[in-house]
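Please read the structure below before turning to the comments.
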Amino acid sequence: MQAPKWSQQRLSLESLVRAVLVLLLAFACFKVLQPFLGALLWAGIIAISAWPAYNWLRGKLGNRSKLAALLIILLLAIAFVVPLTFMAVSIADFVPSKSVISGGLGSFKIPSPPSWLAGIPLVGDQAIQLWQTAQTDLPGLLEHFKPMLDDVGSWLLAQGAQMGKGLVEIMLAMVIAGLFLVAGDTLWSGFGRMIAKLGGHMHDDLPELVARTVRGVTTGVVGTALAQALLTVIGVAITGVSGVMLIGFLCFLVAIAQLPTLIVWAPIVAWLAFKGQTGMAVFLGLWGLLLVNSIDNFLKPYLISHGARLPLSLIFLGVIGGLLSMGLIGLFIGPTLLAVAYRLVGRWLNAPAPADPPDEQPAAPEQK
């Protein structure tokens, strides 16, 4: 028996109202959680990356989940929060003292320009003139560049404030990550069921794929930063510059932040050239360009793709595209999104086509 038309209209109206209410509820939840979205994303990344270590430690501690999570988060806090705090405070302390530094430079005596400077193509003569101007009237030259110095100081102050904001977000993310670790089994089971609801028959290994990709990115970022820091330490040690370990530590932090490492070693090259150690300056410059900077271009994508077991080109696009579009957190989100899409499309293409229904044969005529 067919339902009355008015009953069907009522059911359609109720479905529409329910859909609108669900959308309004989702929007309200999003607005409530919006200030914490960055911290929640970082917390998820930290928890997924630290899960193998947490699982091992939990087993060693007799399945004491809270204690294992607390120890993991404390170790992460020591490894990341303390250095970032030191850098933020150092930048904030540097900016107010730039006038003192400028005054000290005003009484500094600059030696004569090196002979090789004039031989640089195109800019050699201008470089000699600028050097001689600084040699005879350094205060006047500094006054000429004062607006630029002020802009640099303002930029450094803004970066210090941004770093402080990021520090607070990372601290909050670590606390949330600890809660995620304690409830990890329940959360992972719920995540798997949600993927099953959304992915149908193609869902089976998507949660593990997401976890492998995130851990692969973590290994790639941290491993590449360690390699760049080690190469910087070796190169600087060969030149004989003091403070090698501090320079290596700063290079590691810069590489973790996905900034070019020449921020660390390029001033050392300039200082060696200024001191007249031209050979060491050229060596360190080539070492930084050919090794320290270049290793980032292939080692990071290789480590990420090896951990996620996905094509290198796909991971490379995800890392670069995610970084350009979403910043540092895009390093993790970009490859993960491409990995999930790649696996879903592959499963869809390889799925067997539905069998065609058998053709209906016409009934044979009855025999009279």
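Using only the Cα atoms of region 260-334, what semi-axes does the equivalent ellipsoid have when each is the square root of 5 times a gyration tensor eigenvalue? Give whole Å, largest first.
Listed largest to smallest, the semi-axes of region 260-334 are 34, 14, 7 Å.
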### Estimated distance in nm for a label pair at Arg309 and Ser15, the labels positioned 7 Å out from Cα along Cα-to-Cβ
4.1 nm
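Tell me, in nm to one decimal, what length is gained between Leu226 and Leu23 on full extension, where the rule is 0.36 nm per residue of separation less the Cα-Cα distance?
Numbers: separation 203, 0.36 × 203 = 73.08 nm, distance 4.54 nm.
Extending this stretch completely gives an extra 68.5 nm.
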### Task
May I ask you to derive the FRET efficiency for Ala127 and Leu37 from their Cβ-Cβ distance with R0 = 51 Å, giving the value to the nearest 0.05?
0.55
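Coordinate-derived values only; no laboratory data. These numbers were taken from a predicted model, which means no experiment stands behind them. FYI the Cβ positions are ideal-geometry reconstructions off the backbone, even for glycines, and counts take in every protein chain you see.
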